[in-house]
1. Using the Karplus curve 6.51 cos²θ - 1.76 cosθ + 1.60 with θ = phi - 60°, what ³J(HN,Hα) values do you get for each residue of the range 254-266, in whole Hz, with x for Gly and Pro?
2. Using a Förster distance of 56 Å, how high is the FRET efficiency between R24 and S198, based on the Cβ-Cβ distance and rounded to 0.05?
3. Just list whichever of K217/K282; K195/K265; K206/K261; K170/K265; K21/K318; K39/K170 have alpha carbons separated by over 24 Å in the model shown.
4. For the chain, what log10 I(q)/I(0) values come out of the Debye formula at q = 0.08 1/Å, with one point per alpha carbon and no solvent?
5. Could you size up the charge dipole of the range 1-140 around its Cα centre, putting +1 on the beta carbon of Lys and Arg and -1 on that of Asp and Glu, and report it in debye to the nearest 20?
6. Can you tell me which of 101-110, 80-89 comes out highest on packing, and rank the rest after it, using the mean Cβ neighbours within 10 Å?
7. How large is ³J(HN,Hα), in whole Hz, for each residue of the range 134-147 in order, when computed from phi with the Karplus curve 6.51 cos²θ - 1.76 cosθ + 1.60 and θ = phi - 60°, using x for Gly and Pro?
8. Can you work out the Karplus-derived ³J(HN,Hα) for every residue in the range 184-192? Use 6.51 cos²θ - 1.76 cosθ + 1.60 with θ = phi - 60°, whole Hz, and x for glycine or proline.
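Bear in mind that the values in this text are calculations on the coordinates, not laboratory data. From a predicted model like this one, the values you see are computed outputs, not experimental measurements. No Cβ is skipped: glycine too gets one built from the backbone with ideal geometry, and neighbour counts run over all protein chains shown.
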Amino acid sequence: MDTYILGIESSCDETAASVVKNGREILSNVINTQIDFHKKYGGVVPEIASRKHIENIDSVIDEALLEANMTFDDIDAIAVTYGPGLVGALLIGVSSAKALSFALNKPLVPVNHIRGHISANFAAHTDLEPPFVCLVASGGHSHIVYVKDYTEFEVLGRTRDDAAGEAFDKIARVLGLGYPGGPLVDKLAKDGDPKAISFPRVRMDKNSLDFSFSGVKTAVINYIHKAEQKGEEINKADVAASFQDAVTDVLCEHTIEAAIKKKVKTIAIAGGVAANSNLREKMTDLCKKRGISVIYPPPVLCTDNAAMIACAGYYAYKNGDVAELDLNAVPNLPL
Ligand code: KG4
Ligand code: ZN
């Protein structure tokens, strides 16, 4: 029998709902992004995010059902992101999901947002099966995860300071490119020379797969400030390309080491930064010679969406991971 999951996502600045069949087939994927409201502040303003989620969540859910040509009766369970994320933002999704679960008398499935990002690959690659290694790099997280099974995850490495996407956003801001910065740096870097400036590639210690991006971020900011002080014009495209090259070098190196350590032949990438063209190309090139295949979702499933939450929710539901109505948002939920 087929299982239909309604997924709800509101952890940051996207209000999203989706219906997914059997954890793999996306029937609808509605994303209401708040980027335009946060843009002028150069980042997400939590209070605005919460208000916008409240305004939009009901219509986003209605639209997701409509697009899937379904009613609430057809849904087997409601999956919702309960962490990590902004507490006020998470609470809107969690409260809506609890209200639906209570009113419809349907199971409530709590989903970890990072597991959601990983699970976007199940929808994008319907033959993908664990085990594999996944690099999750987004605005809030940078993790290397061993996906042992659909609901079993082991963190092999994580950032000790900034997330990769956070570094992209910061560098875009100092280059005056706008928000969110990742796609803008990606685009500008295409016109630059990645070897023009040597920015640091940080390794915490040789046995650790952890990341640190604060050093490269500071090095780029210092480079720009020094040039400003000397009244020198910088080549923004070269800065963008050289910064991006430094970040993607480290992301690839550590992830490939993790895959070799775990003896897996598939690397998945996920999260907003997985949309980065240089990361996709580099990882694919480096893995080719090692006989490792690299997969990633289309850009719309890399950044925040609810289809990934419904995919993760399907496997959690099949595993019996259901919550009671006392479910709360957990802003710093570990993976
Ligand atoms: O997954 P996501 O939508 O939100 C979080 O869970 O954080 O990721 C958003 C992040 C932002 O930092 C954005 O700049 C980055 O992903 N991003 C990119 C690209 N597209 C989005 N970073 C680098 N290159 C891209 N093409
Ligand atoms: Zn995310």
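1. Computed from phi, the couplings for the range 254-266 are 5, 5, 5, 4, 5, 5, 5, 4, 8, 6, 9, 10, 10 Hz.
2. After rounding, the FRET efficiency stands at 0.80.
3. K195/K265; K170/K265
4. So the normalised log intensities are -0.37.
5. Dipole of the range 1-140, to the nearest 20 debye: 480 debye.
6. Ranked by mean Cβ neighbours within 10 Å, highest first: 80-89, 101-110.
7. 10, 8, 10, 10, 9, x, x, 9, 9, 10, 10, 10, 8, 8
8. Coupling constants for the range 184-192: 6, 5, 3, 5, 5, 4, 4, 9, x Hz.
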